[in-house]
1. Based on what the data block shows, is Ala301 touching a Leu at 6+ places or on another chain (Cβ under 8 Å), modelled with pLDDT of 95 or more, under 30 Å from Val87 (Cβ atoms) and assigned by TED's automatic domain parsing to the domain that holds Asp131?
2. For Ala151, are the conditions met, namely being farther than 29 Å from Tyr59 by Cα, buried (at least 24 other Cβ atoms within 10 Å of the Cβ) and either small (Gly, Ala, Ser) or out of contact with any helix residue (DSSP H, G or I) (no Cβ under 7 Å at 6 or more places or on another chain) (or both)?
3. I need a count of the residues in region 122-157 that are within 19 Å of Ile79 (Cα to Cα), among the charged types (D, E, K, R) and under 15 Å from the mean Cα position of the chain (by Cα).
4. Only residues that are in contact (Cβ under 8 Å) with a residue 12 or more places away in the chain, over 18 Å from Ala39 (Cα atoms) and not β-branched (Val, Ile, Thr): list them for region 285-299, please.
5. With the structure loaded, tell me whether Asp55 is among the acidic types (Asp, Glu) and over 19 Å from the mean Cα position of the chain (by Cα) or whether it fails that test.
6. Failed condition for Ala218, given (1) free of Cβ contacts under 8 Å to residues at least 24 places away in the same chain; (2) in contact with a helix residue (DSSP H, G or I) (Cβ under 7 Å, 6 or more places away or on another chain), with all others met?
7. If you scan region 290-317, which residues turn out to be touching a Phe, Trp or Tyr at 6+ places or on another chain (Cβ under 8 Å) and surrounded by 17 or more Cβ atoms within 10 Å (Cβ to Cβ)?
8. Among the residues of region 102-117, write down those that are over 19 Å from the mean Cα position of the chain (by Cα) and either within 10 Å of Val87 (Cα to Cα) or buried (at least 24 other Cβ atoms within 10 Å of the Cβ) (or both).
Amino acid sequence: MAPTMLGGFYVPGNNRVVLQDAPIPTPTAKQVLLKVVAAGVCHSDVFFLNASTPDPRTYILGHENAGYAVSWGSEVTGITKDQLYVVYLFSSCATQVQGSFADTAVIGLGLNGGYAKYLVATVDQLVPVPDGLAPEIACLSTDSLITAYRAVHNAAELRPGTKKRVLIYGVGGLGHQAIQIAKSYGATVYACDFKPEARALALSLGAEQAFDAAELQAATADTAKDPLVVDIGIDFVTNAQSFTLLSSAVRRAETSLSSPGGLIVLVGVSTDQLSFNTADFVTNHINIKTSLYGTLDDCKASLDLLAKGIVKPVVSTEPLHRVVDVLDELKANEYLGRKVILPATGTD
């Protein structure tokens, strides 16, 4: 009988992860077998489990992974046994949320992922982790941090030495890392979140002010004594409320023909319909960009930020047998930062 491992499965028709045994995978000629030691927990897992986009496939969840190389196929070169690697995805979890199942299956979203002790990946997905970087920190480079980095560095085009004023909307697993990147570049950072503990976290990471939605609405209103003005708003929530509030926040950025105007970067994925007055946006020079995942080079840059301690994510870990409860807690927004499953620890 083939050896088995415990896996946290997405099973159509179930709105919670199903823990069940699965065969330990055998790598094909072009694959590497990894022993998974860290798998980040993502809101897209909750999105699927809520049947917001019903998926007909059955597979092991977990798409933010780090693991040690165990064995590999005959055509694989350049891999070091027992080296720690992170697993880059060639298609983002947000793409899967759109229901593009047939063409975009990736590890943890269509293909078996990291909520299990082992997974297989192709060699071109593997990025070696710098020495001394813990797996539960390194794995964030493959989804949450790479997404935050792309939004701040590529979409918002912030660079070291910037004097821009930036508002981060949503201080969750991605937003709290975005605050740190923007601060490291020199930006003046503000934050908005409905949770008091998230606002406290933002302030501890260097945000000048942290608002709830009502406070942000008051701070950006025309009747405010000294209205809040920012150059860039990065939206890790992206719903009708956040879009409206960020529009108000960037409206007063410089509007001369020689200036870039205000910018809203949409990162979060929701089913909300966003609406705006074109005359308002054109005359006030408000720009909109979207930002989705990142390149392999962005993944490497994210690992470098972690290795240098520029970004210090707030991470808490759990054993694999608690993954069902962990996802329930994420659904209820019951924790700060990022949760990471440790599949290869304990009795799992």
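1. no
2. For Ala151, the condition - farther than 29 Å from Tyr59 by Cα, buried (at least 24 other Cβ atoms within 10 Å of the Cβ) and either small (Gly, Ala, Ser) or out of contact with any helix residue (DSSP H, G or I) (no Cβ under 7 Å at 6 or more places or on another chain) (or both) - is met.
3. 0
4. The answer is His285, Asn287, Lys289, Ser291, Leu292, Gly294, Leu296, Asp298.
5. It is true that Asp55 is among the acidic types (Asp, Glu) and over 19 Å from the mean Cα position of the chain (by Cα).
6. (2)
7. Those that are touching a Phe, Trp or Tyr at 6+ places or on another chain (Cβ under 8 Å) and surrounded by 17 or more Cβ atoms within 10 Å (Cβ to Cβ): Gly294, Asp298, Cys299, Ala301, Ser302, Leu305.
8. Ala116
The values are calculated or read from the model by the stated rules, or taken from the named source; none is laboratory data. Treat the numbers as computed from the prediction; the structure is a model and nothing was measured. Quick reminder, even Gly has a Cβ in these numbers, built from the backbone with ideal geometry, and neighbours come from all protein chains shown.
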